[in-house]
Amino acid sequence: MLPKDLVAELMHFRAERDWAQFHTPRNLAISLSLEASEVLELFQWEDRQGDALAKILPRLREEVADVATYLTYLCADLGIDLDEAVREKMVQNRKKYPVELSKGSAKKYTELQGEA
Ligand SMILES: [Mg+2]
């Protein structure tokens, strides 16, 4: 999802620090989850909207960048084409969530079956 030059910059950043040795799939998956939790932490105890959301936006920006960074490393190391994976997922999701059953509904696909 990131442009190739930015992915290359991330890989260079990691290589010049010799950090790939620490980036096992397990460690990257853990780090990805931890950074996603840091996003969630910003909303802990408060459903931030409006000014309260604007106040945390700089921190949110940093945390989503951390999530994107670890996701990029994980995909690059495992040979996952993220764009292609997302496109494939969209095909699956269109089948799981047909418009006629899911429009305006927050129900999980398993609860949509048999409706309409
Ligand atoms: Mg972070």
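The helices (runs of 4 or more DSSP H) falling completely within the range 17-116 that include 3 or more residues that are under 19 Å from Leu2 (Cα atoms) and more than 16 Å from the ligand (Cβ to nearest atom) map to 50-78, 82-96.
Listed here are the residues, each with its yes/no results for (1) touching a residue at least 12 places away in the same chain (Cβ under 8 Å); (2) in the same structural domain as Val86 (by TED's automatic domain parsing); (3) over 24 Å from Asp81 (Cβ atoms); (4) surrounded by 15 or more Cβ atoms within 10 Å (Cβ to Cβ).
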residue	(1), (2), (3), (4)
Phe13	no, no, no, no
Glu16	no, no, yes, no
Gln21	no, no, yes, no
Thr24	no, no, no, no
Glu38	yes, no, yes, yes
Gln44	no, no, yes, no
Asp47	no, no, yes, no
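The values are calculated or read from the model by the stated rules, or taken from the named source; none is laboratory data. Just so we're clear, the structure is a prediction, and the values are computed from it rather than from any experiment. Reconstructed Cβ throughout: ideal geometry from the backbone, glycine too, with neighbour counts over all protein chains shown.
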